[in-house]
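Participant: Once you've had a glance at the structure underneath, I'll fire off some questions.
The values are calculated or read from the model by the stated rules, or taken from the named source; none is laboratory data. These numbers were taken from a predicted model, which means no experiment stands behind them. Because the Cβ atoms are built from the backbone with ideal geometry, glycine has one as well, and the counts that use them run over all protein chains shown.
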Amino acid sequence: MPSRRGILLALSVAVALSARARVTRAAETETETGAPRSTALRQEWVGVELTPVSMALASCCDEHGGSLDKFQAGPGGTLRLLRYRWEHAYVIPIQAGVYVSSGNATIFTHVQTEGGVIVPGTDRRLELGMGAGLGILAMKYAVQCDGSCILGGSGWLISFAARYLFLDGPRVTVGAGARVIIPVTDSRGTESWGYFTGGGNMILGALEIGFGRS
């Protein structure tokens, strides 16, 4: 009887150690294949980026005179839908927004798709991405153009985004970031909320919050 109990005890210990080893190997395999942490948000249902400040990146001015304020503020925001986050990459299928600075000096509206990387070694908190879509960027600098003289562009645009998540929970993310807006369509000589006399880019500052599941 003592020998039988010893054998049973040894078998029980062996089974327990084997089960623990299988669990450890499964966890290591999951990490190696790039699966995201179970406690971090993967599928975002909806996200909101508030954009209260901007900085103009444009050469001003020409024979029309006037001036272009480099730093501006005003209400704005972007709504994004269905962002998915892997361990080292993310994609935003659709996002759209509007920004209007004080006195309508800058008006920006856009619809884009975005994808990018989640930088390794940052605990999945730093994202760098590129977006592409349609939009209008109109930065007013003078009023001698049979209306407003504006810089920017209308049509196709690209953007480069950087965001840092202060909170990366299983249901909510909170962060801050910036986005460089680059119109790629030459709109000089056309009208859209003013008369385009040249191109120009802009940086938007953002505060964001997202809701989803792990």
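Participant: Of all the residues that make up segment 84-95, how many are farther than 14 Å from ILE181 by Cβ and not in a loop (DSSP other than H, G, I, E, B)?
Facilitator: Selection size over segment 84-95: 8.
Participant: Further question on the same structure: Going by the conditions given, is CYS149 surrounded by fewer than 21 Cβ atoms within 10 Å (Cβ to Cβ) and touching a residue at least 60 places away in the same chain (Cβ under 8 Å)?
Facilitator: No, not satisfied.
Participant: Pairs under 6 Å by beta carbon, first residue under 16 Å from ALA176 (Cβ atoms) in segment 42-67, partner of a type in the set (Asp, Glu), six or more apart or different chains?
Facilitator: Final answer for the pair search is GLU49/GLU208.
Participant: Might you let me know whether segment 149-157 holds any residue that is in a loop (DSSP other than H, G, I, E, B) and touching a strand residue (DSSP E or B) at 6+ places or on another chain (Cβ under 7 Å)?
Facilitator: No, the conditions are met nowhere in segment 149-157.
Participant: Take segment 88-124 and flag every residue that is buried (at least 17 other Cβ atoms within 10 Å of the Cβ) and modelled with pLDDT under 95.
Facilitator: Across segment 88-124, the qualifying residues are ALA105, ARG124.
Participant: Would you tally the residues in segment 96-123 being under 17 Å from VAL180 (Cβ atoms) and not in a strand (DSSP E or B)?
Facilitator: Count: 1.
Participant: Restricted to segment 124-145, and to residues that are outside any strand (DSSP E or B) and touching a strand residue (DSSP E or B) at 6+ places or on another chain (Cβ under 6 Å), which residue is nearest to LEU167 (Cα to Cα)?
Facilitator: ARG125
Participant: Kindly provide the set of residues from segment 183-210 that are more than 27 Å from VAL91 (Cα to Cα) and among the hydrophobic types (A, V, I, L, M, F, W, C), ordered by number.
Facilitator: Matches in segment 183-210: TRP193, PHE196.
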